[in-house]
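Here's the structure, in structure tokens; my notes come after.
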Amino acid sequence: MTSKFVSDFKFWVFVVILALSMLGGLGLQPQQAAAASVSIENGTDWMDTSGDPIEANSGNILKVGSTYYLYGEHAVSGTFDRVNVYTSTDLKNWTLGNAILTKTSATELNSSKIERPKVIYNASTGKYVLWAHYENGTDYSLGRVAVATSNTPDGNFVYQGSFQPLGYESRDMTVFVDSDGTGYLISASRKNGGANDTMAIFQMNASYTGISSFVGWVFENGYREAPAVVKKGSLYYLFTSQASGWYPNQGAYATATSMTGTWSSLSPFGNPSAFGTQIHDIATITGSSTTSYIYMADRWNPLNLGEHKHIWLPLTLNDSAGTASLEWYSKWSIDAGTGSVTLPSLTNHAQGKTATAASVGSGSTASYANDGNYQTSWVASSSTWPSWWQVDFGAPKTITEVDISWFMYKGSEANYQYKIEISNDGTNYSAIDRTDNTTYGFTTDKVHFTARYVRINLVNADLWNNPGNWYTPTVHEVKLLGPATADATGYSTFQSHNFSTRYIRHYNFNLRIDESVSPVLDSEFRVVPGLGSSSGVSLESINFPGYFMRVNSSNKVVLEPYSDSSAYKNDATFILHAGWADSSKISFESYSHSGYYVRHYNYVLQIDSISSSSSSTTKSDATFARFNY
């Protein structure tokens, strides 16, 4: 029996080892499951895993086990509808779980405002507790908090009612559970007669369902709101915004070694509009390798509050220096398993380069708009509009994103109508027209061009509560981001194979072949990696940088300004082949229309289906000689 058992045991060990080795040979090495790095894209509409908009404004994140719970409110026509919860394991792919509190959860919620909901866990009671700002459905005269509880993070929360904490008004608020289990309410309150004039801190009772004591006032007469608290090491950070309705403003933070204070003076973070956002929470992501912090914010459109965007940015906390810093990233990545953050590898080509402007006011300089400091600014010498600011890179640079931090006057906030003008020689400019802009404080434009000069043309400023524009043209900072190495610095011309005196050129934004091209710049193109695929190329005009050769819906080849859509990028990409009529030359196959090639017909460029059986004339029409400069 023993001998047979040993023999069988050895046999099955051999089988297991063989199976594992076969898996290895197939590339199927056994691995421990881990969350993957995911991309967070700001300024876009966020969708859940069902393809529906994520309706969870101004909430917070709570981690239970390996699952993250995202809470937030949803309003309809300005009144409360529900608090939703979404779940995720990677912080990007969110699945709608439940409406944990709705307008039918209690009578006083039928017509109300529930804002900035936060859910915390009470380890002593095993309850999940929701706190929120409560108002009636018509105005902000009550100044209360609302409380609800549940046995599970995504259950139907039982409404406990609304009240003013210890009789004090409470509007914008947050909650915070310290490492010793003590709960705190931090709220925009009233001390000296003005709504939201001073921030108040309260200590919660043991069950987190009420207030046990008043801790103290913070930022007296500072009119701060939108509080958010995070602790790193032994240092507490309290982030707030100014009070300016639905308009963005300069965020600031203070630090203390205890929630009871004393709190430091306020220091600014981000740019003067907090990148067009208002903070609502800071998520602490503790992974296997590191701990990261996410600045969670709302971007509101004051003209249409239904146009809401979620903005998440990596927040840097330096607890030894007691500082916090926030930078804008249109796209960045985080691994929820390790906690690691990966930032985009883009270079700000504007910073430190030679800047000029139409005029410069006393005490200002054009270089203040590209010095990397959001707290300085270029100011024109008068309130004359339009005006302009320009940077010279010194050599062509590829730019894929333009970020501008605009001046705003609190109470008369303005959106700027502007153009991004681009040139290779400082004389001939193409323009990206953003005179339809309605975003306040901070704009970010996805672009793609290679050029030496970029000029920001400040056409006008639209002040929301003033009939005229009394602003002086002012810009805090211009960031021109792109890869460290330009897509191309030279240019090429393309000669027709069967009309050797004619070259591809643009004329009234149509592509054709002409002889004696004038201006000659019309026939010069940068050949850059394909916008739609790196297997192809795209052709960018030299005298209209940011304009690319592309195929339109009529199969004509035209010159059009860059668009970030997939359709545009694919139509502006071409696969280079040996020339149909001469293999030492080239032919352009459309990336979006396989088998269709660029050819001239009556001197106008279009794409046609071409194959080995096509006529020699057709093949010649689709063949070009390339000259590089």
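The values are calculated or read from the model by the stated rules, or taken from the named source; none is laboratory data. Just so it is clear, the model here is predicted, and its values are computed rather than measured. Neighbour counts run over all protein chains shown; Cβ positions are idealised from the backbone, glycine included. In case anyone asks, the SASA skips ligands and DNA or RNA and just uses the protein heavy atoms, side chains included. Shrake-Rupley method; radii C 1.70, N 1.55, O 1.52, S 1.80 Å.
Structural remarks
- Radius of gyration and Dmax over the Cα atoms of region 355-410, both given in Å: 12.3, 39
- Reported value for region 554-593: 86 Å³ per residue, from the convex hull of its C-alpha atoms.
- Over the residues of the chain, the helix contribution to mean residue ellipticity at 222 nm works out to -2000 deg cm²/dmol, using -39500 (n - 2.57) for each DSSP H run of at least 4.
- Semi-axes of the equivalent ellipsoid for region 137-290, Cα gyration tensor, largest first, Å: 23, 21, 17
- Pairs from the table (Lys63/Lys231; Lys191/Lys410; Lys309/Lys331; Lys419/Lys446; Lys446/Lys479; Lys410/Lys446) lying more than 19 angstrom apart at Cα are Lys191/Lys410; Lys410/Lys446.
- Kirkwood Rh, angstrom, the chain [1 / mean 1/r, Cα pairs]: 28.0
- Three semi-axes of the equivalent ellipsoid, region 176-253, Cα gyration tensor, whole Å, largest first: 23, 16, 10
- When the surface is traced with a 1.4 Å probe over the full set of protein chains, His497 keeps roughly 50 Å² accessible.
- Volume per residue of the convex hull around the Cα atoms, evaluated for region 88-216, comes out as 124 Å³.
- Computed P(r) (all Cα pairs; region 369-484; 5 Å bins; percent): 2, 12, 22, 25, 20, 11, 5, 2, 0
- By average C-beta atoms within 10 angstrom, highest first, the peptides 320-328, 92-100: 92-100, 320-328
- Summed over all non-identical Cα pairs, the Kirkwood treatment of region 441-538 gives a radius of 17.6 Å.
- Qualifying chymotrypsin sites (Phe, Trp or Tyr not before Pro) in region 105-209, DSSP loop, other Cβ atoms within 10 Å at most 12: none
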